[in-house]
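Let me begin by presenting the structure, written as structure tokens, before commenting on it.
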Amino acid sequence: MAGEAKSRVSLITILDFIGTYVFALEGAMTAASHGLDLLGLMVLAFATAVGGGILRDLLIGAVPPNAVRDWRYGLIAFAGAGSVFCFYPFVREIPAGLIVMLDAAGLSLFAVAGVEKALEYGIHPFIAILMGGLTGVGGGTLRDVLLAQVPAVLRTDIYAAAALFGAMIVAAGLSLKLPRLPVTICGAVFCFLLRMVSVWRHWNLPRLLH
Amino acid sequence: MAGEAKSRVSLITILDFIGTYVFALEGAMTAASHGLDLLGLMVLAFATAVGGGILRDLLIGAVPPNAVRDWRYGLIAFAGAGSVFCFYPFVREIPAGLIVMLDAAGLSLFAVAGVEKALEYGIHPFIAILMGGLTGVGGGTLRDVLLAQVPAVLRTDIYAAAALFGAMIVAAGLSLKLPRLPVTICGAVFCFLLRMVSVWRHWNLPRLLH
Amino acid sequence: MAGEAKSRVSLITILDFIGTYVFALEGAMTAASHGLDLLGLMVLAFATAVGGGILRDLLIGAVPPNAVRDWRYGLIAFAGAGSVFCFYPFVREIPAGLIVMLDAAGLSLFAVAGVEKALEYGIHPFIAILMGGLTGVGGGTLRDVLLAQVPAVLRTDIYAAAALFGAMIVAAGLSLKLPRLPVTICGAVFCFLLRMVSVWRHWNLPRLLH
């Protein structure tokens, strides 16, 4: 187990760091657009980037959470905040489409990593899928709560749903004892594509009509 | 202990499931009235139904929380969301009085279950009473925070206070080594009646005048 | 360890109680100024006074958190709420300057206590510093979230930054194996002075210009 974990470190960890950085960028940009100060940028970058993973870890009993145990996540989150603070004129020129794509990539990665970790901790697959979704959207939700706004994820778009579907594929595949790597990749790619297509086609979840 | 727990399973668990379903209905109806989509209904149903118990479990060190360990609570919460989504025209016709009554029943049950669990985990009775109150009102509070509103429980009515009084009776009774079942029933009935009477008579907690 | 802890009890604990009481007063006064009822005062007093410590304890894996394990913190928080409720005409006449000073004292104490506890639990110094900051500002943040407001700490003033700098001094000093007591005092005094001077001179953190 430890050996397997170690052999997976290089790629998974690097992807995880990239996802953390992208989410931190988004958190800091949201903070900047709300006129918060440098500390506000740092807090929202941190909350957005590692909030989902921290909530998941608290709920599955993996304490201290990964982002508390491993200082590199905090450092990467602050690097994201610093990037926005120092290079805001450049960062704000990043095309919206690229941000949506990077964000979808981070979402996919967090969702599949979240469901896998929950399953490793012996959580029932149904709840593990929810934990995958929480890992993907928890950070953004925390950011919106701190900004006293209804979390965007509750209102619009196929976002959390994409994370849940991706996590579902992983949970199903691992329950069927399929090999881990292809299952993980399938889940992440499906989540990514569903998210991108839903943005492109303006898909939304059904809603009640009053 | 395990034997006693098992012998209590049938009734307590069924009551707990009913309370979860009622709270989930309320969460989903609030989500619907705020124009959230299907996922929003599911999230708010889940948060309202199991949020209080999850917060209590995190605070008393019972991790993973019950609602993460036992997938049936999540399923029931989503069943509540599904009921509202599929049968909204009917659900919204449920008389307000019935909802207030069911909600008071759920509140009572959660409050006494919460204080008992905290005491079982060796928490001091004073704090255990607070944990009982938190179990009762934590879910609704979380729901209101996610909707970026000041939690209703902080503003009006004898609601949390009823939960706290019910929990107090249980904590006092168990400290006096009175038999568990009658003490539990007394606490729950007192909480329920206090809540119903306060709605009926428009009782409120005192408030400062400026 | 236990011996050392016991020998430190008297002073540290008393200071901690005082900080808890001051923060509880502030929480209850905020609740009163928002027109909340007695229960609202109690909840916000509790959240403000012990929320930061509870969040820190959950994150570093010290469960149940101190304020759940030791009922005296809850009692002190409620005493703060009671003081505001019973003596509001007097409490509201407390000069703003005195409140700012007491608050700065509480902030300093919480920040250095927070970083020390995190280090004792084997948390990396970088994250421990963040935990010190969280201990200082987490309660006020939770209070603002419950009031559906953007936490003041994200928007203005050198407040969290003072807590972080104080915590940084403690973490640096203890990493260099300097004696604990002078290091702790240095960190707390620096945090206190930085906070007071920044209020006096209207210092703010830098902010992006659009």
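Annotations for the structure displayed:
- Single residue of the range B:44-60 satisfying the filter (more than 16 Å from B:Gln149 (Cα to Cα) and of a type in the set (Val, Ile, Thr)) that is farthest from the other protein chains (Cβ to nearest Cβ): B:Val50
- Close pairs (9 angstrom Cβ cut-off, 6 or more residues apart or separate chains): within 14 Å of chain B (Cβ to nearest Cβ) in the range A:185-210, open to solvent by 90 Å² or more (accessible area, probe 1.4 Å) and assigned to a helix (DSSP H, G or I) anywhere: A:Leu194/A:Phe165
- Residue pairs meeting the criteria (Cβ under 9 Å; at least 6 apart or on separate chains; first within 14 Å of another protein chain (Cβ to nearest Cβ) and open to solvent by 10 Å² or more (accessible area, probe 1.4 Å), in the range C:12-40; second in a helix (DSSP H, G or I) and basic (Lys, Arg)): C:Thr30/C:Arg143; C:His34/B:Arg155; C:Gly35/B:Arg155
- Residue count for the range A:124-179, restricted to those that are touching a residue at least 24 places away in the same chain (Cβ under 8 Å) and charged (D, E, K, R): 2.
- Among the residues of the range C:93-119, those identified as within 13 Å of chain A (Cβ to nearest Cβ) and more than 14 Å from the chain's Cα centre (by Cα) are C:Ala118, C:Leu119.
- Unique match (being over 13 Å from the mean Cα position of the chain (by Cα) and not small (Gly, Ala, Ser)) among A:Phe46, A:Phe78: A:Phe78
- Condition met for A:Phe165 (more than 30 Å from C:Ala152 (Cβ to Cβ), at pLDDT 95 or above, among the aromatic types (Phe, Trp, Tyr) and in contact with a Phe, Trp or Tyr (Cβ under 8 Å, 6 or more places away or on another chain)): yes
- Scanning the range A:118-143 for residues that are of a type outside the set (Ser, Thr, Tyr), more than 15 Å from B:Arg72 (Cα to Cα) and out of contact with any Leu (no Cβ under 8 Å at 6 or more places or on another chain) yields A:Ala118, A:Glu120, A:Gly122, A:Gly139, A:Gly140.
- Number of the condition not met by B:Ile123 [criteria: (1) assigned to a helix (DSSP H, G or I); (2) within 13 Å of chain C (Cβ to nearest Cβ); (3) modelled with pLDDT of 95 or more]: (1)
- Remark: pairs (first residue in the range C:48-64, open to solvent by 10 Å² or more (accessible area, probe 1.4 Å); second residue acidic (Asp, Glu) and modelled with pLDDT of 95 or more; Cβ separation under 9 Å; 6+ apart in sequence or on different chains) = C:Val63/C:Asp57; C:Pro64/C:Asp57.
- With a requirement of 3 or more residues that are buried (at least 24 other Cβ atoms within 10 Å of the Cβ), the helices (runs of 4 or more DSSP H) lying completely within the range B:134-210 that satisfy it span B:160-175, B:180-200.
- Taken across the range C:37-56, residues that are closer than 18 Å to B:His124 by Cβ and among the charged types (D, E, K, R) do not occur at all.
- When residues of the range B:68-82 are limited to those that are open to solvent by less than 10 Å² (accessible area, probe 1.4 Å) and within 17 Å of B:Gly140 (Cα to Cα), the one farthest from the other protein chains (Cβ to nearest Cβ): B:Gly80
The values are calculated or read from the model by the stated rules, or taken from the named source; none is laboratory data. Since this is a predicted model, take the numbers as computed values, not measurements. Positions of Cβ are backbone-derived with ideal geometry, glycine not excepted, and every protein chain shown enters the neighbour counts. Remember, those area values only see protein heavy atoms, side chains included, never the ligands or the DNA or RNA. Shrake-Rupley method; radii C 1.70, N 1.55, O 1.52, S 1.80 Å.
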